[in-house]
Amino acid sequence: MALFDLPLDELHAYRSSSVEPEDFDTFWSDTLDEARTHDLDARFEPRTDIGLVTVDVYDVTFAGFGGHPVKGWFVIPAGTTEPVPVVVEFIGYGGGRSLPHTHLLWASAGMAHFVMDTRGQGSGWAPGDTADPVGSAPSLPGFMTQGIEDPATYYYRRVITDAVRAVEAARSHPLADASRTAAVGASQGGGLALAVGGLVPDLAAVAPDVPFLCDFPRATRMTDRKPYREIGDYLKTHRGKAEQAARTLAYFDGVHFAARGRAPALFSVAMEDLTCPPSTVFAAFNAYAHAEKEIEVYDFNDHEGGGPFQHAVQLTRLPRLLKA
């Protein structure tokens, strides 16, 4: 696939047409206040039966949206005795937390690594262990249209709340230095990192790679590739509900979370990305509020983005922001 979106100079000037709801901040403050009526109940169970000797691994459970149990992994260099920076990672669409040995990067760099499982997912390309006990109105198979009739019932209200609570859970561990916390992730994970960056006021860094869940008005009309296409397919059947769906999606658009970003940010974008078109990523990057922001551009890549090359960039830049 050759370049299909705007040229790079126009991308740097692009702005989303997504309209921010007037009660955006109230919606999210009320949502998080409600979640915090439930005890976080973060439990870290040591796992000594998995054959890893350079890291200590904890099987985590904490209370997310509605007090529902959400799983995760906490991985930290073996024998750590003093608090270290913590990287909270969110997972791409359809995946779950997988197995601990797949999460060694950040502990190998001397940091604590908290990986949040994603409720209801974990069956596409990596296994997960967290159910989503909340039902929804009829939705296309997948997650993009679950509860899309109303912001209060939309699937990502639960997931984004889980993500904020994941940061709180990670910071509750005595070996996590809460003042040096980064939120990272790719694709859906990048979109969740952006959301957390807009909702948690005191992060040290945010690193969204090829982020999903950004600039819904453009994304849902520009690409035929799922997951965005789930929304178009839903609206093909539920004629006349496009305006209602757009109203819901505006509460979850990464562009609006980016406008509230209060930590230095390291983005990445792939210029041939048909899943998360470059303009949708730049929509969030250009809206990002913090003055210290960078974006790595991968000219000839699709949704795999920079892959290990972007990890290498993160390994050199995030420790500086985290003072690790």
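Consider residue 152 against the criteria (1) surrounded by fewer than 24 Cβ atoms within 10 Å (Cβ to Cβ); (2) among the hydrophobic types (A, V, I, L, M, F, W, C); (3) within 18 Å of residue 230 (Cβ to Cβ): it satisfies all of them except one. Which criterion is unmet? So the condition that residue 152 fails would be (3). Answer yes if at least one residue in segment 190-202 is over 30 Å from residue 324 (Cβ atoms), at pLDDT 95 or above, among the hydrophobic types (A, V, I, L, M, F, W, C) and part of a helix (DSSP H, G or I), and no otherwise. No: segment 190-202 contains no residue that is over 30 Å from residue 324 (Cβ atoms), at pLDDT 95 or above, among the hydrophobic types (A, V, I, L, M, F, W, C) and part of a helix (DSSP H, G or I).
If the condition is being in a helix (DSSP H, G or I) and touching a Ser or Thr at 6+ places or on another chain (Cβ under 8 Å), then segment 287-311 contributes 287, 310. If we scan segment 183-199, do we find a residue that is over 21 Å from residue 113 (Cβ atoms), open to solvent by less than 10 Å² (accessible area, probe 1.4 Å) and not aromatic (Phe, Trp, Tyr)? Yes, there is a match, as at least one residue in segment 183-199 is over 21 Å from residue 113 (Cβ atoms), open to solvent by less than 10 Å² (accessible area, probe 1.4 Å) and not aromatic (Phe, Trp, Tyr).
The criterion of at least 1 residues that are at pLDDT 95 or above and of a type in the set (Lys, Arg) is met by the following strands (runs of 3 or more DSSP E) wholly inside segment 1-86: 43-47, 69-77.
The values are calculated or read from the model by the stated rules, or taken from the named source; none is laboratory data. This one's a predicted model, so the numbers in the text were calculated from it and none came from an experiment. Note: ideal-geometry Cβ built from the backbone for every residue, glycine included; neighbour counts use all protein chains shown. With ligands, DNA and RNA removed, areas are computed over all heavy atoms of the protein, side chains included. Shrake-Rupley method; radii C 1.70, N 1.55, O 1.52, S 1.80 Å.
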